[in-house]
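**Student:** Can you keep this structure in mind? I'll have questions shortly.
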């Protein structure tokens with residue numbers, strides 16, 4: 001019995017990581033209806049940025065992440081401002097294909113710069129720290145911290161969206177881009193700010209990705225799929241829904257792994273497909289959309 | 001009863017819907033000649049040329065299928081590798097386990113793939129736009145992970161086609177005597193003809209679909225789904241039909257590809273790069289939404305692959321950058337650019353109303 | 001030069017020309033009515049001034065400077081606020097949030113703030129946290145006007161604020177109108193229903209199929225003239 005309870009709990013913790021992956025994707029889609037196919041690769045890119053800063057400045061991963069935040073914000077802002085804003089419009093194909101091309105460029109660029117070697121963000125002693133829950137179940141400190149960070153990020157995003165002028169501008173632009181301009185909102189600038197914000201979330205996600213397991217330039221696309229599944233399962237338009245979606249995918253994977261280790265990823269995908277068939281709009285969708 | 005003064009009657013007019021253009025008529029003749037030449041190629045070309053052309057043919061065929069889906073039906077799929085891999089595995093299963101002749105297996109693979117495509121569509125059609133695209137990718141991943149579980153077909157590491165299968169493909173004996181070659185070369189020649197047939201076949205299929213009333217429906221749907229519904233186009237069934245047909249063709253192509261390679265593994269058969277990224281690149285560079293575009297794109301891709309693939313990651317970075325540049329600055333692709341500039345159409349699918357007064 | 005002027009203003013929707021050389025003048029503190037039949041180009045006129053439709057730089061002058069090519073967000077910051085046709089409140093924002101976003105681009109001090117807008121439209125205060133989709137048509141229109149007022153604009157453009165509202169509700173809006181002009185702001189009213197608009201306006205322009213067919217003070221214009229200008233011959 002405890003193995004199943006353990007698998008379940010580990011799945012919830014894993015879900016925290018997937019929710020972090022998904023939050024940035026959800027944010028961008030909510031504001032500008034853009035699905036960034038390079039999202040997973042951007043998380044990996046951020047992980048390499050953290051790795052590089054940590055190595056150059058001799059910092060621990062947490063400090064390196066903090067140092068990486070402004071850099072990643074700037075890259076995200078520039079990416080949207082220079083490239084992605086040009087792809088937005090009525091047509092579906094340009095943003096899809098441009099971000100797909102971007103995904104290939106990032107992945108292969110990282111391969112050139114860093115080779116295909118596995119990397120890891122070393123956090124020292126806390127890596128093996130765990131908290132016993134009794135009954136033979138232990139929770140790793142880092143996975144717990146990951147989940148806590150996911151909750152914190154979602155709280156912060158909700159705060160921004162629902163309690164600040166910027167958040168009002170985000171929501172107004174998502175509602176009606178033409179009338180938003182009548183409010184003095186420069187939508188291309190808002191989009192660039194939003195992308196910068198998403199990159200910040202991506203960087204936080206990258207920290208925990210890199211600390212939890214090995215990473216290399218090729219793992220991006222799979223993270224995109226998990227993030228995407230979490231968003232769809234949770235339902236569009238709600239950050240808490242994204243957290244729920246991440247947890248569901250995480251639990252599906254860990255429970256699946258418990259049945260058969262080869263089935264971990266497959267079970268996650270199947271859980272997604274089942275939800276898609278039974279509840280196409282997700283489990284906690286927002287009214288509009 | 002007095003009828004009002006008679007309305008002057010207009011002379012009876014004849015209306016004709018014309019598809020052919022002058023340029024296209026010449027092209028049709030030239031194309032026919034070209035196909036004959038290509039079919040006869042094994043008689044005078046070396047084995048490496050044949051193998052290169054097989055690659056060109058099946059990439060062209062895959063590109064035509066993706067173009068039909070994305071360029072005409074608005075279904076941007078990044079999961080067609082599901083059907084390539086499925087077709088490949090079906091070929092292996094049907095020949096190794098069921099003992100069928102590979103050529104029969106190819107056709108059967110197409111039909112079975114269509115059978116899988118139907119429920120797949122019903123699931124992924126619940127998503128729209130970019131989410132549909134990623135959904136197709138998830139499905140392809142499911143196919144990959146499931147096939148990696150089949151130990152009979154090699155599990156995660158894959159398996160090969162033994163010579164008892166590859167040397168007994170239907171027609172090999174005849175080819176061997178005709179061209180006086182050994183079994184492996186004969187197999188390549190048979191594969192070549194199948195590949196040529198698939199390339200010409202998909203081209204013809206798409207051309208005739210677009211010329212048919214389904215083509216009109218697709219055009220209407222592409223412009224405005226709501227408006228199309230009001231004139232009686234059943235959007236759902238049209239998209240479903242296109243998806244299943246494209247899947248069937250892709251399945252057959254996948255079966256051929258893996259007959260030729262004679263070795264399959266899940267990662268290779270369901271590779272996003274080989275069967276989606278390269279295909280998308282071909283269609284986008286060549287010109288999406290045109291029949292001629294993928295032909296141009298395949299040739300460009302073949303040249304790039306030939307000369308630049310050695311540069312590894314840089315080559316892929318270049319491809320990605322090129323695709324982005326084309327999407328931003330020339331979204332109609334190379335062929336689209338030329339076509340608009342010079343008004344050139346080789347596969348006419350636009351209908352013109354020709355009116356003639358018969359006095 | 002007056003506060004807002006258009007010189008030979010033209011507007012196109014693709015190949016379709018909606019406005020043919022419109023010359024208008026709006027002085028500080030004036031209330032101007034733009035009347036005309038459906039499709040005459042009235043909304044297009046407002047949208048062109050507000051920057052939602054592009055025009056040559058010198059077609060539109062504000063405060064002595066050409067603004068024709070400026071984007072809508074920039075024009076808003078200069079002090080021109082448009083109450084768009086159909087109200088178009090933001091469904092994801094509450095009533096109060098809609099009002100607050102009205103001053104996102106231009107937070108100039110002036111007579112209008114959350115308190116004074118609520119004082120003008122008490123019904124809004126009662127529903128301040130409600131979803132805008134639950135408001136009545138009249139309340140939505142009040143919210144749309146209030147949203148535009150929050151930026152303390154120097155020119156308020158109103159696109160058919162009476163559309164779809166019961167006459168008594170329209171009376172209520174128009175009764176509040178003189179207060180819009182607090183501190184010298186100008187108002188441009190576009191209306192199909194001309195009776196009330198003409199009554200409170202200083203001057204009237206009539207558009208017919210994209211051209212100016214009439215201009216003058218209400219007192220100077222006869223009903224026959226207006227009728228002819230509105231409907232054509």
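The values are calculated or read from the model by the stated rules, or taken from the named source; none is laboratory data. The structure presented is a predicted model; accordingly, all values stated were derived computationally and were not measured. Glycine gets a Cβ as well: all are built from the backbone with ideal geometry, and neighbour counts include every protein chain shown.
**Student:** So which strands (runs of 3 or more DSSP E) are wholly in the stretch C:1-69 and hold at least 1 residues that are closer than 24 Å to residue C:163 by Cβ and in contact with a strand residue (DSSP E or B) (Cβ under 6 Å, 6 or more places away or on another chain)? Step through it out loud before you land on a result.
**Tutor:** Details: elements: C:4-13, C:16-26, C:31-36, C:60-62.
Hits in the stretch C:1-69: C:4-13, C:16-26, C:31-36.
**Student:** Related question: From the list A:213, A:198, A:206, which residue is modelled with pLDDT under 95, under 23 Å from the mean Cα position of the chain (by Cα) and under 28 Å from residue A:49 (Cβ atoms)? Write out each step before concluding.
**Tutor:** Numbers: A:198 fails: modelled with pLDDT under 95; A:206 fails: modelled with pLDDT under 95.
Every option except A:213 fails the conditions.
**Student:** Another question, if that's okay. Does at least one position in the stretch A:141-159 carry a residue that is in contact with a strand residue (DSSP E or B) (Cβ under 8 Å, 6 or more places away or on another chain), under 21 Å from residue A:250 (Cβ atoms) and not in a helix (DSSP H, G or I)?
**Tutor:** Filtering the stretch A:141-159 for residues in contact with a strand residue (DSSP E or B) (Cβ under 8 Å, 6 or more places away or on another chain) gives A:141, A:144.
If we keep only those that are under 21 Å from residue A:250 (Cβ atoms) too, we end up with A:141, A:144.
Next, from what is left, pick out any that are not in a helix (DSSP H, G or I): none.
No, every residue in the stretch A:141-159 fails to be in contact with a strand residue (DSSP E or B) (Cβ under 8 Å, 6 or more places away or on another chain), under 21 Å from residue A:250 (Cβ atoms) and not in a helix (DSSP H, G or I).
**Student:** Restricting to the stretch A:164-191, and then to whatever is surrounded by fewer than 22 Cβ atoms within 10 Å (Cβ to Cβ) and more than 10 Å from chain C (Cβ to nearest Cβ), can you tell me which residue is nearest to residue A:66 (Cα to Cα)?
**Tutor:** A:164
**Student:** Determine if the stretch B:260-267 includes at least one residue that is within 12 Å of chain A (Cβ to nearest Cβ) and either without any contact (Cβ under 8 Å) to a residue 40 or more places away in the chain or assigned to a helix (DSSP H, G or I) (or both).
**Tutor:** Going through the stretch B:260-267, the residues within 12 Å of chain A (Cβ to nearest Cβ) turn out to be B:266-267.
Now restrict to residues that are either without any contact (Cβ under 8 Å) to a residue 40 or more places away in the chain or assigned to a helix (DSSP H, G or I) (or both): B:266-267.
Scanning the stretch B:260-267 turns up at least one residue that is within 12 Å of chain A (Cβ to nearest Cβ) and either without any contact (Cβ under 8 Å) to a residue 40 or more places away in the chain or assigned to a helix (DSSP H, G or I) (or both).
**Student:** Condition test on residue C:213, is it closer than 23 Å to residue C:4 by Cβ and part of a loop (DSSP other than H, G, I, E, B)?
**Tutor:** Numbers: closer than 23 Å to residue C:4 by Cβ: yes; part of a loop (DSSP other than H, G, I, E, B): no.
Judged against the criteria, residue C:213 is not a match.
**Student:** Which numbered condition in (1) surrounded by fewer than 21 Cβ atoms within 10 Å (Cβ to Cβ); (2) touching a residue at least 12 places away in the same chain (Cβ under 8 Å); (3) within 14 Å of chain B (Cβ to nearest Cβ) is the only one that residue A:84 fails?
**Tutor:** (1)
**Student:** Pick from the stretch C:106-145 the residues that are under 20 Å from the mean Cα position of the chain (by Cα) and part of a loop (DSSP other than H, G, I, E, B): which of them is farthest from residue A:181 (Cα to Cα)?
**Tutor:** Selected residue: C:121.
**Student:** Does residue A:165 qualify as being touching a helix residue (DSSP H, G or I) at 6+ places or on another chain (Cβ under 6 Å), closer than 30 Å to residue C:85 by Cβ and free of Cβ contacts under 8 Å to residues at least 24 places away in the same chain? Steps first, please.
**Tutor:** Numbers: touching a helix residue (DSSP H, G or I) at 6+ places or on another chain (Cβ under 6 Å): no; closer than 30 Å to residue C:85 by Cβ: yes; free of Cβ contacts under 8 Å to residues at least 24 places away in the same chain: yes.
Against the criterion (touching a helix residue (DSSP H, G or I) at 6+ places or on another chain (Cβ under 6 Å), closer than 30 Å to residue C:85 by Cβ and free of Cβ contacts under 8 Å to residues at least 24 places away in the same chain), residue A:165 does not qualify.
Here is a yes/no grid of residues against (1) within 14 Å of another protein chain (Cβ to nearest Cβ); (2) closer than 30 Å to residue B:180 by Cα; (3) surrounded by fewer than 24 Cβ atoms within 10 Å (Cβ to Cβ):
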site: B:33; (1), (2), (3): no, yes, yes
site: B:74; (1), (2), (3): yes, no, yes
site: B:91; (1), (2), (3): no, yes, no
site: B:130; (1), (2), (3): yes, no, yes
site: B:133; (1), (2), (3): yes, no, no
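**Student:** Okay, moving on. Being out of contact with any strand residue (DSSP E or B) (no Cβ under 8 Å at 6 or more places or on another chain), assigned to a loop (DSSP other than H, G, I, E, B) and without any contact (Cβ under 8 Å) to a residue 40 or more places away in the chain, is that true of even one residue in the stretch A:50-58?
**Tutor:** Taking the stretch A:50-58 and keeping what is out of contact with any strand residue (DSSP E or B) (no Cβ under 8 Å at 6 or more places or on another chain), we get A:50, A:52-58.
Going one step further and asking which of them are assigned to a loop (DSSP other than H, G, I, E, B), we end up with A:58.
Those still in the list that are without any contact (Cβ under 8 Å) to a residue 40 or more places away in the chain too: A:58.
There is at least one residue in the stretch A:50-58 that is out of contact with any strand residue (DSSP E or B) (no Cβ under 8 Å at 6 or more places or on another chain), assigned to a loop (DSSP other than H, G, I, E, B) and without any contact (Cβ under 8 Å) to a residue 40 or more places away in the chain.
**Student:** Then there's this: What helices (runs of 4 or more DSSP H) lie completely within the stretch B:91-198 and have 2 or more residues being within 20 Å of the chain's Cα centre (by Cα)?
**Tutor:** Details: elements: B:102-124, B:129-147, B:163-166, B:172-179.
It comes to B:102-124, B:129-147.
**Student:** Continuing with the same structure: Taking residue A:143, is it over 21 Å from the mean Cα position of the chain (by Cα) and either under 30 Å from residue B:77 (Cβ atoms) or more than 14 Å from every other protein chain (Cβ to nearest Cβ) (or both)?
**Tutor:** Details: over 21 Å from the mean Cα position of the chain (by Cα): no; either under 30 Å from residue B:77 (Cβ atoms) or more than 14 Å from every other protein chain (Cβ to nearest Cβ) (or both): yes.
In short, no.
**Student:** Against the conditions (1) part of a helix (DSSP H, G or I); (2) within 14 Å of another protein chain (Cβ to nearest Cβ); (3) crowded, with 22+ Cβ neighbours inside 10 Å, where does residue A:195 fall short? Just the number, please.
**Tutor:** Exception for residue A:195: condition (2).
Yes/no matrix, rows are residues, columns are (1) surrounded by fewer than 18 Cβ atoms within 10 Å (Cβ to Cβ); (2) at positive phi:
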{"position": "C:124", "(1), (2)": "no, no"}
{"position": "C:127", "(1), (2)": "no, no"}
{"position": "C:140", "(1), (2)": "no, no"}
{"position": "C:144", "(1), (2)": "no, no"}
{"position": "C:155", "(1), (2)": "no, no"}
{"position": "C:164", "(1), (2)": "yes, yes"}
{"position": "C:167", "(1), (2)": "yes, no"}
{"position": "C:176", "(1), (2)": "yes, no"}
{"position": "C:179", "(1), (2)": "yes, no"}
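**Student:** Taking the stretch A:98-140, which residues are in a strand (DSSP E or B) and touching a helix residue (DSSP H, G or I) at 6+ places or on another chain (Cβ under 7 Å)?
**Tutor:** Going residue by residue through the stretch A:98-140, those that are in a strand (DSSP E or B) are A:119, A:130-134, A:137-140.
Across the stretch A:98-140, the qualifying residues are A:119, A:130, A:131, A:137, A:139.
**Student:** Continuing with the same structure: With respect to residue C:64, determine if the residue is more than 14 Å from chain A (Cβ to nearest Cβ), in contact with a helix residue (DSSP H, G or I) (Cβ under 6 Å, 6 or more places away or on another chain) and at positive phi. Walk me through it before giving the result.
**Tutor:** Details: more than 14 Å from chain A (Cβ to nearest Cβ): yes; in contact with a helix residue (DSSP H, G or I) (Cβ under 6 Å, 6 or more places away or on another chain): no; at positive phi: yes.
So residue C:64 does not fit the description; no.
**Student:** Same structure, new question: If you go through the stretch A:221-270 one residue at a time, how many are in contact (Cβ under 8 Å) with a residue 40 or more places away in the chain, in a helix (DSSP H, G or I) and more than 9 Å from chain B (Cβ to nearest Cβ)?
**Tutor:** Step one: of the stretch A:221-270, the residues in contact (Cβ under 8 Å) with a residue 40 or more places away in the chain are A:221-255, A:257-258, A:265, A:268-269.
Filter once more, so that each one left must be in a helix (DSSP H, G or I): A:221-234, A:239-255, A:257-258, A:265, A:268-269.
In the following step, the residues that additionally are more than 9 Å from chain B (Cβ to nearest Cβ) were identified as A:223, A:226-227, A:230, A:233-234, A:239-255, A:257-258, A:268.
Count: 26.
**Student:** Restricting attention to the stretch A:221-237, does a residue exist that is buried (at least 24 other Cβ atoms within 10 Å of the Cβ) and in contact with a strand residue (DSSP E or B) (Cβ under 7 Å, 6 or more places away or on another chain)?
**Tutor:** No, because not a single residue in the stretch A:221-237 is buried (at least 24 other Cβ atoms within 10 Å of the Cβ) and in contact with a strand residue (DSSP E or B) (Cβ under 7 Å, 6 or more places away or on another chain).
**Student:** A follow-up question, please. For the structure I just gave you, tell me whether residue A:203 is touching a residue at least 60 places away in the same chain (Cβ under 8 Å), surrounded by 22 or more Cβ atoms within 10 Å (Cβ to Cβ) and either within 14 Å of another protein chain (Cβ to nearest Cβ) or out of contact with any strand residue (DSSP E or B) (no Cβ under 8 Å at 6 or more places or on another chain) (or both). Lay out the reasoning, then the answer.
**Tutor:** On the way: touching a residue at least 60 places away in the same chain (Cβ under 8 Å): yes; surrounded by 22 or more Cβ atoms within 10 Å (Cβ to Cβ): yes; either within 14 Å of another protein chain (Cβ to nearest Cβ) or out of contact with any strand residue (DSSP E or B) (no Cβ under 8 Å at 6 or more places or on another chain) (or both): yes.
Here the answer is yes, as residue A:203 does meet what is asked.
**Student:** Just the residues that are free of Cβ contacts under 8 Å to residues at least 12 places away in the same chain and either surrounded by 18 or more Cβ atoms within 10 Å (Cβ to Cβ) or part of a helix (DSSP H, G or I) (or both), please, taken from the stretch B:230-251.
**Tutor:** Answer for the stretch B:230-251, where residues must be free of Cβ contacts under 8 Å to residues at least 12 places away in the same chain and either surrounded by 18 or more Cβ atoms within 10 Å (Cβ to Cβ) or part of a helix (DSSP H, G or I) (or both): B:230, B:237.
**Student:** Would it be correct to say that residue A:209 is crowded, with 22+ Cβ neighbours inside 10 Å, farther than 24 Å from residue A:102 by Cβ and away from chain C (no Cβ under 14 Å)?
**Tutor:** Numbers: crowded, with 22+ Cβ neighbours inside 10 Å: yes; farther than 24 Å from residue A:102 by Cβ: no; away from chain C (no Cβ under 14 Å): yes.
In short, no.
Okay, residues lined up against (1) crowded, with 17+ Cβ neighbours inside 10 Å; (2) more than 14 Å from chain A (Cβ to nearest Cβ); (3) in a loop (DSSP other than H, G, I, E, B); (4) at negative phi:
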site: B:293; (1), (2), (3), (4): yes, no, no, yes
site: B:303; (1), (2), (3), (4): no, yes, no, yes
site: B:323; (1), (2), (3), (4): yes, no, no, yes
site: B:331; (1), (2), (3), (4): yes, no, yes, yes
site: B:335; (1), (2), (3), (4): yes, yes, no, yes
site: B:341; (1), (2), (3), (4): no, yes, no, yes
site: B:344; (1), (2), (3), (4): no, yes, yes, yes
site: B:347; (1), (2), (3), (4): yes, yes, yes, yes
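**Student:** Continuing with this model, one more query. With at the interface with another protein chain (Cβ under 10 Å from one of its Cβ atoms), touching a residue at least 40 places away in the same chain (Cβ under 8 Å) and surrounded by fewer than 18 Cβ atoms within 10 Å (Cβ to Cβ) as the only criterion, which of C:91, C:84, C:71 stands out?
**Tutor:** Numbers: C:84 fails: surrounded by fewer than 18 Cβ atoms within 10 Å (Cβ to Cβ); C:71 fails: touching a residue at least 40 places away in the same chain (Cβ under 8 Å).
Just a single option satisfies the conditions, and that option is C:91.
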